[in-house]
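The values are calculated or read from the model by the stated rules, or taken from the named source; none is laboratory data. This structure is a prediction, so every number in the text was calculated from the model and none was measured. Methodologically, a virtual Cβ is constructed for each residue, glycine included, from the backbone with ideal geometry; neighbour enumeration extends over all protein chains shown.
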Amino acid sequence: MAPAAEGGTSGKARAGRGDHSSPKTARAAAGRSGPGSRSEPGSRSEPGSRSGPPPRRPGCEPAAAPHRPKPVARPVSTDDRPGPPAPSGSQEPLAPPGLPRAFDLAGLRRSLSGWYARARRDLPWRRTSDPWAIWVSEIMLQQTRVEAVLPRYEAFLRAFPDPAALARAPEETALALWSGLGYYSRARNLRRGAGIVGERYGGRFPADPVEAARLPGVGPYTAAAVLSIVYGQPLAVVDGNVARVLSRLFRLEPPHGTSPARLRALAQALLDPDRPGDHNQAMMELGALVCVPRTPRCGDCPVAESCLARRSGEAAEYPRRRPVPAPEESEPSLLLLRDDRGRLLLERGRWPLLPHLWLPPVRETAAAETGLPPRLRPVPGSLAELGGFSHAITRHRLRFRVHGGLLRPGPGSLPAGFLLLGVDALEGIGRSSILDKALRVEREAGRKRRAGF
């Protein structure tokens, strides 16, 4: 069975992402991402597409941004060094700084905009101009597939319709509604950021790029995405999808060609300053739907005529792959221990891979009971192996062995870090999909036992 990555991902890289959004992360995602995550095709479902400036809610108007004069066009070679001046009388169009000589920038923007208007996916964060809703979507889509985000996004906003609601909520409640998305530090950072926004910015996402990027879990990438989509600021986004598009469009070679500074410069040069939010979303959507990692659909690409990798027949060879460390494999044991009322024993803070979530006891040793307090160990002879399942967390490939057993009667008060919960109460805690998989193994083992297998 192929391992399922924690958080519903297949590998927004945006992986995850502190901020999935760092340029380093984007470069890594561009080379290895599979379909679905923000830095991978099928995910980075860019929030909030609109044609024209977005409507603003009362009280959400940002301070006017300072006027930024457009750069004077000049011929630039593909390695960013000035080329010779165009011959007198030449009609060769000149590209802005950062782009190759004679690049048809207006044509690319026009083709990309038209394609996006026709092909963009109808997603809930594209039907709003609410800064909070778009901020939440950007964080959820880091390293996580769109399909995994959709049901949780709307439930999360129903529970926390504004930053103040999340800031007031217990962390456990936020983690419970985040369950299944993985990378739980994102939920904790979002909650911290919501508190900061309430304390310092009147409950509004800050319109200043530097201040926005300082929010926990945000960083330059997410700040650029939110500010361009919500406030129309001319800030280019570079996530894993955009990095992949740029790598093919200009046949970028590492290390210089794919450096964060180079990718940012190219993205900024391509950006349509009149429609920055739509342009950013179109670039991300292009990487998610057409310019996918292994089998780019060049025949469907609106900017294929400008793509150097397509012209050379090497689109699938870009971005150039980097060596990936071998995954770490292990076979931990997971204990499903129930008391005489059917309640399940959970612990938190003892397994280093997911220290902030409630899980059945996980042990890396063959002796599954190692480390349990004496009064929480199973009744002798009750422990039995029920089956197993595969799971992945970042580079860790795990093959869990699930054991079921009975707790001794009347364990009394529980030590710190342990809980006894009934099945109905499990929905109210922050938990990993590991728990859900283990319970499925338990149910299947019970079905087979009743059937006489």
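Let me confirm something: among PRO352, PRO374, which residue is over 19 Å from VAL441 (Cα atoms), over 32 Å from the mean Cα position of the chain (by Cα) and loosely packed, with under 12 Cβ neighbours inside 10 Å?
PRO374
If you scan the stretch 138-149, which residues turn out to be among the aliphatic types (A, V, I, L, M) and in a helix (DSSP H, G or I)?
Of everything in the stretch 138-149, those that are among the aliphatic types (A, V, I, L, M) and in a helix (DSSP H, G or I) turn out to be ILE139, MET140, VAL146, ALA148, VAL149.
If I ask for residues that are among the β-branched types (Val, Ile, Thr) and either under 24 Å from ALA117 (Cβ atoms) or buried (at least 20 other Cβ atoms within 10 Å of the Cβ) (or both), which ones from the stretch 290-315 would you list?
Of everything in the stretch 290-315, those that are among the β-branched types (Val, Ile, Thr) and either under 24 Å from ALA117 (Cβ atoms) or buried (at least 20 other Cβ atoms within 10 Å of the Cβ) (or both) turn out to be VAL290, VAL292, VAL303.
Would the stretch 269-287 turn up any residue that is under 25 Å from SER228 (Cβ atoms) and among the basic types (Lys, Arg)?
Yes, the stretch 269-287 contains a residue that is under 25 Å from SER228 (Cβ atoms) and among the basic types (Lys, Arg).
Mind listing whichever residues of the stretch 234-264 are of a type in the set (Lys, Arg) and either at pLDDT 95 or above or over 16 Å from PRO293 (Cα atoms) (or both)?
ARG244, ARG248, ARG262, ARG264
Might you let me know whether the stretch 153-175 holds any residue that is surrounded by 22 or more Cβ atoms within 10 Å (Cβ to Cβ), modelled with pLDDT under 95 and among the charged types (D, E, K, R)?
No, the stretch 153-175 contains no residue that is surrounded by 22 or more Cβ atoms within 10 Å (Cβ to Cβ), modelled with pLDDT under 95 and among the charged types (D, E, K, R).
Would you confirm, using the coordinates I've provided, whether ALA269 is surrounded by 24 or more Cβ atoms within 10 Å (Cβ to Cβ) and not in a loop (DSSP other than H, G, I, E, B)?
Criteria not met by ALA269.
Among the residues of the stretch 414-421, is any touching a Gly at 6+ places or on another chain (Cβ under 9 Å), of a type outside the set (Ser, Thr, Tyr), modelled with pLDDT of 85 or more and not in a loop (DSSP other than H, G, I, E, B)?
yes
Rundown of residues vs (1) modelled with pLDDT under 90; (2) more than 20 Å from PHE389 (Cα to Cα); (3) in the same structural domain as PRO415 (by TED's automatic domain parsing), yes/no style:
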residue: ASP274; (1), (2), (3): no, yes, no
residue: ARG310; (1), (2), (3): no, yes, no
residue: LEU334; (1), (2), (3): no, no, yes
residue: THR365; (1), (2), (3): yes, no, yes
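Within the bounds of the stretch 161-182, is there any residue that is aromatic (Phe, Trp, Tyr), within 30 Å of PRO352 (Cα to Cα) and assigned to a helix (DSSP H, G or I)?
Within the stretch 161-182, one or more residues are aromatic (Phe, Trp, Tyr), within 30 Å of PRO352 (Cα to Cα) and assigned to a helix (DSSP H, G or I).
Just the residues that are under 19 Å from ILE393 (Cα atoms), touching a helix residue (DSSP H, G or I) at 6+ places or on another chain (Cβ under 7 Å) and not in a strand (DSSP E or B), please, taken from the stretch 318-350.
Correct list: VAL324 only.
Give the residue, chosen from ARG152, ARG191, ARG186, that is of a type in the set (D, E, K, R), assigned to a helix (DSSP H, G or I), more than 21 Å from ALA288 (Cβ to Cβ) and within 17 Å of the chain's Cα centre (by Cα).
Values: ARG152 fails: more than 21 Å from ALA288 (Cβ to Cβ); ARG186 fails: more than 21 Å from ALA288 (Cβ to Cβ).
Exactly one of ARG152, ARG191, ARG186 is of a type in the set (D, E, K, R), assigned to a helix (DSSP H, G or I), more than 21 Å from ALA288 (Cβ to Cβ) and within 17 Å of the chain's Cα centre (by Cα), namely ARG191.
Run ALA223 past the list (1) crowded, with 18+ Cβ neighbours inside 10 Å; (2) in a helix (DSSP H, G or I); (3) touching a Gly at 6+ places or on another chain (Cβ under 7 Å) and report the number of the one that doesn't hold.
(3)
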